[in-house]
Amino acid sequence: MSASLRAPSRTQLLTDRAFATLDRFLHIEAVSGIVLLLAAAIALGWANSPWSDSYDAVWHTPVTFGIGSLVSTQSLHFWINDGLMTVFFLVVGMEIRREIHEGALSDLRQAGLPIGAALGGVVVPALIYLAFNAEGARLHGWAVPTATDIAFAVGVLALLGRGIPGNVRIFLLALAIIDDVIAVLIIALFYSGGLEPMGFAVAGAGIAGVVALQRMGIGSAWAYVVPGAIVWVGLLMTGAHPTLAGVVLGLLTPVLSTPSRQRPVDVLSRAADELRHRTQAGETAHLAGPLRDVRQAQREVLPPVVRVQAALHPWVAFAVMPIFALANAGVAFGGGTAPAEGASWVLGGIGVALVAGKPLGVVAASWVLVKLGWCRLPAGVSWGGVVLVGLLAGIGFTMAIFIAMLAFDDAALLAAAKLGVLGGSLVAALLGLAWGWFFLRRAPNAAAADNAERCPPLRLP
């Protein structure tokens with residue numbers, strides 16, 4: 001060993017091992033679903049405990065942000081639902097952008113089945129809800145059971161282990177992402193107030209700033225915070241929900257690295273050689289240049305849409321979504337709000353629509369598309385796998401609660417809607433786990449017989 005090198009201490013080795021273990025733990029998809037479920041359970045327990053008054057008090061605490069004379073004071077609840085959730089929708093927008101570029105939405109032939117299944121999984125639950133709630137304020141909640149929580153659904157699927165065919169997971173991912181596209185359109189078209197033209201001008205200025213920075217070759221994500229904030233403020237001014245700014249910015253995120261005269265890998269190789277040469281020569285005062293090249297090339301090895309999404313994913317999975325659940329899943333069972341007329345119908349309509357309507361819509365639409373010859377099942381995906389995807393699509397959770405908060409002004413109807421989402425999502429998850437366990441125990445030849453009609457496998461996103 002060279003005299004200039006020192007062996008790491010035992011404490012350092014143990015610390016490195018602990019961080020490596022934590023990193024692997026955070027990349028297990030099932031873990032994020034468990035954290036989300038724990039956050040919802042804590043919220044429910046808190047809202048029904050002797051300290052229930054503090055639950056509402058915490059989320060209605062005024063919080064002020066501003067610079068100079070530009071100051072805004074809103075409740076903590078507002079900043080979570082309208083501000084922090086923009087990061088969640090930013091990741092959603094980037095997922096959609098990636099899928100359009102190189103995933104399940106890049107080829108219409110591949111996208112046909114998940115698009116049809118997603119549409120069925122939206123229309124049937126909406127019709128079931130309307131069958132329960134066809135009048136008055138309850139009517140506004142028709143879109144609540146149409147949403148799928150992609151993180152929770154994929155997390156539950158991960159609990160079933162590696163025995164589930166890979167294309168079943170990809171089919172679920174594609175369906176859930178298309179479901180997100182539909183949810184975003186529903187929010188924009190049906191749950192935005194009267195639109196103010198001046199807000200569009202402000203949002204347009206922010207978008208122009210984003211495009212200008214991209215044309216200038218600015219690759220640092222921090223440079224886009226200010227124009228992104230301008231887009232958010234503009235959409236807030238229009239009367240549309242400001243979290244849609246996240247979707248807009250996600251769709252604008254480049255899918256290709258910044259153009260340059262040299263490939264990032266070549267720059268890394270050259271900078272590494274220069275670092276080695278200067279270090280061996282003892283020229284430590286001249287390392288700043290090659291180190292800067294390493295940082296820039298390292299950033300450009302991955303396209304921005306991949307790099308930013310990967311950086312934000314742990315924060316969204318283990319911070320943004322659990323905080324949202326903690327702030328919104330606390331529903332008092334003991335009558336904290338006066339019962340509204342028809343609240344039980346809202347609860348029942350959402351629950352039935354998620355548990356029965358989602359799988360019915362997904363399976364029925366898929367069956368029709370296959371029988372008409374417009375599409376075939378992906379390789380490795382049997383009808384049992386389609387049923388599993390349909391059951392897991394009934395896990396609405398985050399997105400469904402979000403839409404419920406836009407749909408209902410009445411506190412009692414909102415509480416009933418949240419209970420319907422929580423109860424329906426939990427039942428859908430348990431049914432999905434039960435069916436998945438049965439699905440795994442089936443004889444391989446039976447699954448093969450079920451999968452007589454196939455099409456080329458979906459590509460990984």
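No lab work stands behind these numbers, since they all come straight from the coordinates. Because the structure is predicted, anything quoted here is derived from the model rather than measured. When we count neighbours, we look across all protein chains shown, and the Cβ atoms used for this are built from the backbone with ideal geometry, even at glycine.
Quick notes on this one:
- Sorting the segments 75-85, 90-100, 318-328, 130-140 by their mean number of nearby beta carbons within 10 angstrom, highest to lowest, gives 90-100, 318-328, 75-85, 130-140.
- Residues whose placed amide H lies under 5 Å from that of residue 63, excluding near-sequence neighbours: 74, 75, 76
- For the pair residue 216 and residue 198, label points projected 7 Å from Cα toward Cβ lie 2.8 nm apart.
- Among 55-66, 395-406, 374-385, the order from most to least packed when residues are scored by Cβ within 10 Å on average: 395-406, 374-385, 55-66
- HN-Hα J in Hz across the stretch 412-421 - Karplus 6.51, -1.76, 1.60, θ = phi - 60°, x for Gly and Pro: 5, 5, 5, 4, 5, 5, 5, 5, x, 5
- The stretch 245-253 - phi-based ³J(HN,Hα) in whole Hz, Karplus 6.51/-1.76/1.60, Gly and Pro as x: 4, x, 5, 4, 5, x, 5, 7, 5
- One way to sum up the overall shape of the stretch 120-253 is the equivalent ellipsoid from its Cα gyration tensor, whose semi-axes run 32, 25, 9 Å, largest first.
- Ranked packing of 41-52, 159-170, 349-360, most packed first, by mean Cβ within 10 Å: 349-360, 159-170, 41-52
- R0 of 35 Å, Cβ-Cβ distance residue 49-residue 191: FRET efficiency to nearest 0.05: 0.65
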